Amino acid sequence: MTAIKVIKVIGTSAESWEDAAREAVRRAGESVDDVRGIEIEKWTATVEDDDITEYKVTSEIAFPVREREQ
């Protein structure tokens, strides 16, 4: 049986929400192994002078819990 752990990660991008989601997965993968899924909770953006300057996604990243080594 596999247990799954979920962490909340906010990804950002100057290009798009899709790039922000990819950034969230990439950054999570730097500190956890075997990322298995992402669920986007919220899509937001920073607006300056009537233009979007930064896309943001608040996401939950899922990965398996590792068993302790004996």
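The values are calculated or read from the model by the stated rules, or taken from the named source; none is laboratory data. Quick caveat: nothing in here was measured; it's all calculated off a predicted structure. Here the Cβ positions follow ideal geometry from the backbone for every residue, glycine too, while neighbour counts run over all protein chains shown.
Quick one: which of THR58, THR53, THR44 is without any contact (Cβ under 8 Å) to a residue 40 or more places away in the chain, part of a strand (DSSP E or B) and in contact with a Lys or Arg (Cβ under 7 Å, 6 or more places away or on another chain)? One residue alone meets the criteria, THR44.
Among the residues of this structure, ASP19 counts as one that is on the phi < 0 side of the Ramachandran plot, assigned to a helix (DSSP H, G or I) and in contact with a strand residue (DSSP E or B) (Cβ under 9 Å, 6 or more places away or on another chain). The residue of the stretch 16-54 that is surrounded by the most Cβ atoms within 10 Å (Cβ to Cβ), among those that are in contact with an Asp or Glu (Cβ under 7 Å, 6 or more places away or on another chain) and farther than 22 Å from THR2 by Cα, is ALA45.
Take VAL9 and tell me if it is at pLDDT 95 or above and surrounded by 11 or more Cβ atoms within 10 Å (Cβ to Cβ). So VAL9 passes the test. Pick from the stretch 22-41 the residues that are not aliphatic (A, V, I, L, M) and not in a loop (DSSP other than H, G, I, E, B): which of them is farthest from ARG66 (Cα to Cα)? It comes out as GLU41.
Within the stretch 1-22, the set of residues being in contact (Cβ under 8 Å) with a residue 60 or more places away in the chain and among the β-branched types (Val, Ile, Thr) comprises THR2, ILE4.
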